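Undergrad: I have a structure here, written as structure tokens, and I will follow up with some questions on it.
The values are calculated or read from the model by the stated rules, or taken from the named source; none is laboratory data. Computed from a prediction, not measured in an experiment: that's the story for all the values here. Reconstructed Cβ throughout: ideal geometry from the backbone, glycine too, with neighbour counts over all protein chains shown. Ligands, DNA and RNA are stripped out before the accessible areas are found, and what is left, the full protein with its side chains, is counted by its heavy atoms. Shrake-Rupley method; radii C 1.70, N 1.55, O 1.52, S 1.80 Å.
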There are 2 protein chains.
Amino acid sequence: MVDKAVKDERHKARQQKLKENVDKRVDAAQTERGVLIVITGNGKGKSTSGFGTVARCVGHGYKAAVVQFIKGTWDCGERNLLEGAGVEFQVMNTGFTWETQNKEADTAAAQKVWQAAKRMLADPSLHLVLLDEITYMVQYGYLDLDEVIDALNARPEEQSVVLTGRGAHRRLTEIADTVSEVQPLKHAFDAGIKARKGVDW
Amino acid sequence: MVDKAVKDERHKARQQKLKENVDKRVDAAQTERGVLIVITGNGKGKSTSGFGTVARCVGHGYKAAVVQFIKGTWDCGERNLLEGAGVEFQVMNTGFTWETQNKEADTAAAQKVWQAAKRMLADPSLHLVLLDEITYMVQYGYLDLDEVIDALNARPEEQSVVLTGRGAHRRLTEIADTVSEVQPLKHAFDAGIKARKGVDW
């Protein structure tokens, strides 16, 4: 059995190495500009991560804006709170696309809210723009991928953007600075547990 | 070339099938209770997902509380906003553990804030408790895993809990209802871009 002093020494050595690695990386990271973050994958937590970043942003006194491409018609806890904190929300008003079953109406609704997104992506007063569930709009052909990429690339240098949704197009992850893929290892829904107000929506 | 009417018909059929599958799963999910969610993995977006869920919760008028096991000593945007919205925060006051290099002091600090976590996990007025970065406390041996599991299992039935952090212990993911693993496909930091106020912290 290894005695406590040896274990403590090993722990200290590991933490020291961790600190050195982190310090080195922090020193190396010197470019200051807005970033493009893509949160994709099939797991739970993509939109909430986007909204958590918006909460962080406005908590520092910066301006942020949100376009919700799918979940808009629900009673939405995060919107209640963040709109109250001065965040502009633009919401696609058709709800889940499989509820409407009408490609032309969905395309028109997506295009309408995309105009608001383009305005936000050109607004240097916005520190952060969240385009929640935009990946589906590209996937279903409601938005033109080239137009989305052009608007992202032309945004003000200090502006950060978060894109969320499953199946982000490869060309979106290519231009992103940070890409996280959320994998579902387990989901309460599959065990018969109902989506919960204040947690799942 | 497939003409537009045929493509629209195919799109409609796909969306119809999607709707049927989702409806079936929604009908099957009838158990109503609080859930335990674990957001783990090495990618960016775990803590922000937890804080987004807190924003959602309080936006519906429910009570939520947060324990921050690591990031506490920074100027923290999400805390500024959410404390203002009535969320109780308890913060471990040593910052990153590799800054302190002192296992005994870290253990004492973790144990102190864990007492607050235990109180929260026994409080039926809380709809949601976020234990941010608790996985490291278990991993480093600062908290006893059995004690953490007992407190989680004994919590009020209506209370949901979110645990975040890399390398969640297998026994934590086993008792969880929902587990997401955030994989880092790319990170701005690795391209030399500095962590950004209002986005990364």
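Undergrad: Counting only residues 5 or more places away or on other chains, whose amide H sits under 5 Å from the amide H of residue A:185 once H atoms are built in the peptide plane?
TA: Placed amide hydrogens put B:179, B:180, B:181 under 5 Å from residue A:185.
Undergrad: Then there is this: Can you compute the charge dipole magnitude of chain B about its Cα centre, using +1 on each Lys and Arg Cβ and -1 on each Asp and Glu Cβ, nothing else charged? Give it in debye, rounded to the nearest 20. Can you show the working numbers first?
TA: Values: 28 positive and 28 negative charges, 180 e Å.
Once rounded to the nearest 20, the dipole reads 860 debye.
Undergrad: At 1.4 Å probe size, with the rest of the protein present, what percent of the exposed accessible area of segment B:57-187 is carbon and sulfur atoms?
TA: Its accessible area is 47 percent carbon and sulfur atoms.
Undergrad: Additional query: Given the options B:159, B:15, B:183, which has the most mean-square fluctuation in a GNM of chain B, springs set between C-alpha atoms less than 10 angstrom apart?
TA: Looking only at B:159, B:15, B:183, the biggest GNM fluctuation is shown by B:15.
Undergrad: Among A:197/B:186; B:63/B:194; A:63/B:194; A:24/A:63; A:24/B:197; A:12/B:197, which pairs are too far apart, with a Cα-Cα distance over 28 Å?
TA: Working: A:197/B:186 33 Å; B:63/B:194 35 Å; A:63/B:194 20 Å; A:24/A:63 32 Å; A:24/B:197 20 Å; A:12/B:197 30 Å.
Pairs exceeding 28 Å: A:197/B:186; B:63/B:194; A:24/A:63; A:12/B:197.
Undergrad: Assign unit charges at the C-beta atoms only (+1 for Lys and Arg, -1 for Asp and Glu), then state the dipole size of the protein assembly as shown relative to its Cα centre in Debye, rounded to the nearest 20.
TA: On the way: 56 positive and 56 negative charges, 89 e Å.
Charge dipole, the protein assembly as shown, about its Cα centre: 420 debye, nearest 20.
Undergrad: So, one more: How far apart are the residue A:32 label points across copies, placing each 7 Å from Cα toward Cβ, in nm, shortest first?
TA: Reported distances to equivalent positions: 5.1 nm.
Undergrad: A further question on this structure: Once you order the gyration tensor axes a ≥ b ≥ c over the Cα atoms, which shape class does segment A:34-191 get: rounded for a/c under 1.5, otherwise prolate or oblate by comparing a/b with b/c?
TA: On the way: a/c = 1.23, a/b = 1.13, b/c = 1.09.
Since a/c stays below 1.5, the shape of segment A:34-191 is classed as rounded.
Undergrad: What is the calculated FRET efficiency for residue B:139 to residue B:12, with r their C-beta to C-beta distance and R₀ = 41 Å, to the nearest 0.05?
TA: Numbers: r = 50 Å, r/R0 = 1.21.
It comes to 0.25.
Undergrad: Which Cα, out of B:113, B:168, B:124, lies furthest along the positive dipole direction of chain B (beta carbon charges, K/R +1, D/E -1)?
TA: Checking the options against the dipole of chain B, the answer is B:168.
Undergrad: Show me A:39-50, B:147-158, A:104-115 ranked by packing, highest mean number of other Cβ atoms within 10 Å first.
TA: On the way: A:39-50: 26.0, B:147-158: 15.1, A:104-115: 16.8.
Ranked from most to least packed, the peptides come out as A:39-50, A:104-115, B:147-158.
Undergrad: For the protein assembly as shown, just list the percent of Cα-Cα distances falling in each 10 Å bin from zero outward, please.
TA: Pairs per bin, as whole percents: 5, 22, 32, 25, 12, 3, 1, 0.
Undergrad: Per residue, how much accessible surface does chain B expose to a 1.4 Å probe? Answer in Å², no decimals. Display every interim value, and only then the final one.
TA: Values: 8840 Å² over 201 residues.
So chain B comes to 44 Å² accessible per residue, rounded to a whole number.
Undergrad: Using θ = phi - 60° and the Karplus curve 6.51 cos²θ - 1.76 cosθ + 1.60, what whole-Hz ³J(HN,Hα) does each residue of segment B:22-30 get, with Gly and Pro shown as x?
TA: These are the phi-based 3J(HN,Hα) values: 5, 4, 4, 5, 5, 5, 6, 8, 10 Hz.
Undergrad: Quickly estimate the mean residue ellipticity at 222 nm for chain A, helices only: each DSSP H run with n ≥ 4 gives -39500 (n - 2.57), and the total goes over all residues, rounded to 500. Intermediate results must be reported in sequence, preceding the final value.
TA: On the way: 8 runs with 91 residues, N = 201.
After summing the helix terms and dividing by residue count, I get -14000 deg cm²/dmol.
Undergrad: Follow-up question, since we're still on this one. Long-range amide H contacts for residue A:36: which residues qualify at under 5 Å (H placed 1.01 Å from N, peptide plane, sequence gap of 5 or more or a different chain)?
TA: Distant-sequence amide H within range of residue A:36: A:161, A:177, A:178.
Undergrad: Can you list the HN-Hα couplings for segment B:80-91, worked out from phi with the Karplus curve (6.51, -1.76, 1.60; θ = phi - 60°), rounded to whole Hz and with x for Gly and Pro?
TA: 3, 5, 6, 4, x, 8, x, 7, 6, 10, 10, 10
Undergrad: Turning to a different aspect of this structure: Mind telling me which of A:130, A:81, A:145 comes out most flexible in a GNM of chain A, alpha-carbon contacts under 10 Å?
TA: A:81
Undergrad: Here is a follow-up. Compute the distance from the alpha-carbon center of segment A:1-78 to that of segment A:114-151, in whole Å.
TA: That distance is 23 Å.
Undergrad: Still on this model: Taking θ = phi - 60°, what integer Hz values does the Karplus form 6.51 cos²θ - 1.76 cosθ + 1.60 yield along segment B:165-175, in sequence order, with x for Gly and Pro?
TA: x, 5, x, 4, 4, 3, 6, 6, 5, 5, 8
Undergrad: What pairs in A:19/B:103; B:17/B:44; A:17/A:44 have C-alpha atoms more than 22 Å from each other?
TA: Details: A:19/B:103 14 Å; B:17/B:44 33 Å; A:17/A:44 33 Å.
In this structure, B:17/B:44; A:17/A:44 exceed 22 Å between Cα atoms.
Undergrad: Using only protein heavy atoms and a 1.4 Å probe, how much accessible area in total is buried between B and A, to the nearest 100 Å²? Each step should come with its number before you reach the end.
TA: Values: alone 12550 and 12540 Å², together 17660 Å².
Chains B and A together bury roughly 7400 Å² of accessible area.
Undergrad: Once the whole set of protein chains is in place, how much accessible area is left on residue A:169, using a 1.4 Å probe, in Å² to the nearest 10?
TA: Here the residue's solvent-accessible area equals roughly 70 Å².
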